[in-house]
Amino acid sequence: MDSVVEDSFKREELHKEAFGKDFKWGVSTAAYQIEGAHQADGKGASIWDHFTGIKGKILNNHNGNNACDFYNRYHSDLNLMRELHIPNFRFSLSWSRILPQGVGQINYKGVDYYQRIIDHCLENNIEPWVTLYHWDLPLALEQKGGWANRDVVSWFEEYAQLCADKFGDRVRNWMVLNEPMVFVGAGYFLGKHAPGRRGIKSFLSATHHAALCQAAGGRILKASLPHAKVGTTFSCSHLEPYRDLERDKKATLRVDAILNRLFLEPALGLGYPFQEVKSLKRITDFFKAGDEDLLPFDFDFIGVQNYTREVVKYSLFTPFIQASLVPANKRKVVHTAMNWEVYPEAIYHMLHKFQAYPKVKKIIITENGAAFPDVLINGNVQDSQRLQYLQQYLKQILRAKQEGVKVDGYFVWTFTDNFEWAEGYNPRFGLVYVDFETQERYVKASGQWYSNFLKQ
Ligand code: GAL
């Protein structure tokens, strides 16, 4: 065992058994971030294929055309996963690989590719956890209005049904959406992610339609696969006011409503959090009769994805929400390459927050991890900061679990370094280092640690 890994074992005394024998351990990925092969075997274009082609949208004009070439290397990557004793693999399906136009004509080569991945997982005793949608909408659908068009509900239902029919015999764990708040917020309000749209109207309509799809997808999966575990995932941040001022505290409540509650509460039958953010009321412009009854779905589990804490300040000039986040570097706190504060208690607080909703049955941490500037020296990456980050966050998860929170799994974001959206290939989140020139993989010290931990 290498010395960084060995030391950290002694220092942290983290034992897998303490989490219980049914706790699910894994790694998480997403199609666009790893697959590459963006035009292979009949795949249609997605909004990310298009967006990354527009100059200036992505740092260094990077794109996911090749990414980690997982499309061609899934065999060896999954073998490496098995060698590292990782028993659960979360990945997403690329909608436009399966339905190139989003609806209608099926691309059987795309279906076959996911069949092979699932089979290879099962042959290696790796349990597949499938996300239906991790941000890569078929471009053909965006051209018809994308998430801002109500028809997305029926497009998504067609896609969800097809996935249930094709993969449901072997996939037991499903997640409908990945972080709707992020793809709607960054994609339809801030314009920083695909499809690059801005403004309150596209944000509110896309929000409502995504919330309807979240529940509709859940209903389809459950009706077709009654024995499957059906969940969906949420991004969330622990929030604190910047100053002990009434206006900062109120701003924090508004940000909480948008960042942490906007998609969860309708799913739980609580509706949208209008109380805190009055302008959110305009979302009802996009309602049709009976929509209140279509928003809830009784998920088997909730996927919690937490990385950090955010500090909130009142800001008169920020439209819609009158609040802004104080960046970690400005606060002079320890932070990752994403400028996200390293704040392990954040995950502990979020677990308690989610647990407090009586209708949340079970929580799985479907993403947590950190990007640091890794350096490859003689085939080794001594990423002690990531290693510590993972251990500290895990300790907080254990603390919550021991206090009775029903948290039953943990998936590291992510397996290999990959395409990090607007930030391109700069931030490295992987347990495994990727040399993007040669596509060579090198297990980092953190990966070695996770592997030894899982072997315990
Ligand atoms: C999540 C997202 C992932 C990954 C991660 C790290 O928001 O689901 O795709 O990018 O953040 O930034």
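The values are calculated or read from the model by the stated rules, or taken from the named source; none is laboratory data. What you see is a predicted model, and the numbers here were worked out from it, not measured in a lab. Note: ideal-geometry Cβ built from the backbone for every residue, glycine included; neighbour counts use all protein chains shown.
Assorted remarks:
Condition check ((1) modelled with pLDDT of 95 or more; (2) in contact with a His (Cβ under 6 Å, 6 or more places away or on another chain); (3) charged (D, E, K, R)) across all residues:
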{"residue": "341", "(1), (2), (3)": "yes, yes, yes"}
{"residue": "346", "(1), (2), (3)": "yes, yes, no"}
{"residue": "368", "(1), (2), (3)": "yes, no, no"}
{"residue": "383", "(1), (2), (3)": "yes, no, yes"}
{"residue": "408", "(1), (2), (3)": "yes, no, yes"}
{"residue": "411", "(1), (2), (3)": "yes, no, no"}
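- Output for segment 92-106, where each listed residue is in contact with a Gly (Cβ under 9 Å, 6 or more places away or on another chain), surrounded by 19 or more Cβ atoms within 10 Å (Cβ to Cβ) and not hydrophobic (A, V, I, L, M, F, W, C): 94, 96, 97, 100, 102
- Test result for residue 32, in contact (Cβ under 8 Å) with a residue 60 or more places away in the chain, away from the ligand (no atom under 16 Å from the Cβ) and of a type in the set (Ser, Thr, Tyr): no
- In segment 98-154, residue nearest to residue 177 (Cα to Cα) [restricted to those that are β-branched (Val, Ile, Thr) and in a loop (DSSP other than H, G, I, E, B)]: 103
So that you can scan it fast, the table gives a plain yes or no per residue for (1) without any contact (Cβ under 8 Å) to a residue 60 or more places away in the chain; (2) among the hydrophobic types (A, V, I, L, M, F, W, C); (3) within 16 Å of the ligand (Cβ to nearest atom):
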residue: 112; (1), (2), (3): yes, no, no
residue: 120; (1), (2), (3): yes, no, no
residue: 128; (1), (2), (3): yes, no, no
residue: 142; (1), (2), (3): no, no, no
residue: 149; (1), (2), (3): no, no, no
residue: 164; (1), (2), (3): no, yes, no
residue: 196; (1), (2), (3): no, no, no
residue: 206; (1), (2), (3): no, yes, no
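- Residues of segment 416-454 classified as within 12 Å of the ligand (Cβ to nearest atom), over 16 Å from residue 29 (Cβ atoms) and among the hydrophobic types (A, V, I, L, M, F, W, C), total: 1
- Candidate set: segment 244-268, residues that are within 23 Å of the chain's Cα centre (by Cα) and part of a loop (DSSP other than H, G, I, E, B); chosen: the one farthest from residue 208 (Cα to Cα): 268
- Of the criteria (1) assigned to a helix (DSSP H, G or I); (2) under 24 Å from residue 158 (Cβ atoms), which one residue 227 fails: (1)
- Residues of segment 386-415 satisfying the condition of being assigned to a helix (DSSP H, G or I) and within 16 Å of the ligand (Cβ to nearest atom): 386, 389, 390, 393
- Residue within segment 51-69 that is in contact with a Ser or Thr (Cβ under 9 Å, 6 or more places away or on another chain), crowded, with 22+ Cβ neighbours inside 10 Å and either among the hydroxyl-bearing types (Ser, Thr, Tyr) or part of a helix (DSSP H, G or I) (or both) present: no
- Subset tally (residues that are assigned to a helix (DSSP H, G or I), more than 17 Å from residue 222 (Cβ to Cβ) and not hydroxyl-bearing (Ser, Thr, Tyr)) for segment 167-198: 8
- Criterion violated by residue 359 - all others in (1) surrounded by fewer than 16 Cβ atoms within 10 Å (Cβ to Cβ); (2) within 16 Å of the ligand (Cβ to nearest atom) satisfied: (2)
- Filter pass, residue 154 being surrounded by fewer than 21 Cβ atoms within 10 Å (Cβ to Cβ), hydroxyl-bearing (Ser, Thr, Tyr) and either out of contact with any Cys (no Cβ under 8 Å at 6 or more places or on another chain) or more than 17 Å from residue 41 (Cβ to Cβ) (or both): yes
- Cross-chain or 6+ apart pairs with Cβ under 6 Å, segment 226-255 first and modelled with pLDDT of 95 or more, then among the hydroxyl-bearing types (Ser, Thr, Tyr) and more than 16 Å from the ligand (Cβ to nearest atom): 239/252; 241/252; 247/314; 248/242; 248/314; 251/314
- Among the candidates 304, 333, 375, residue that is assigned to a strand (DSSP E or B), modelled with pLDDT of 95 or more and either more than 20 Å from the chain's Cα centre (by Cα) or within 16 Å of the ligand (Cβ to nearest atom) (or both): 304
- Residues of segment 316-375 satisfying the condition of being in contact with a helix residue (DSSP H, G or I) (Cβ under 6 Å, 6 or more places away or on another chain) and of a type in the set (Gly, Ala, Ser): 323, 370
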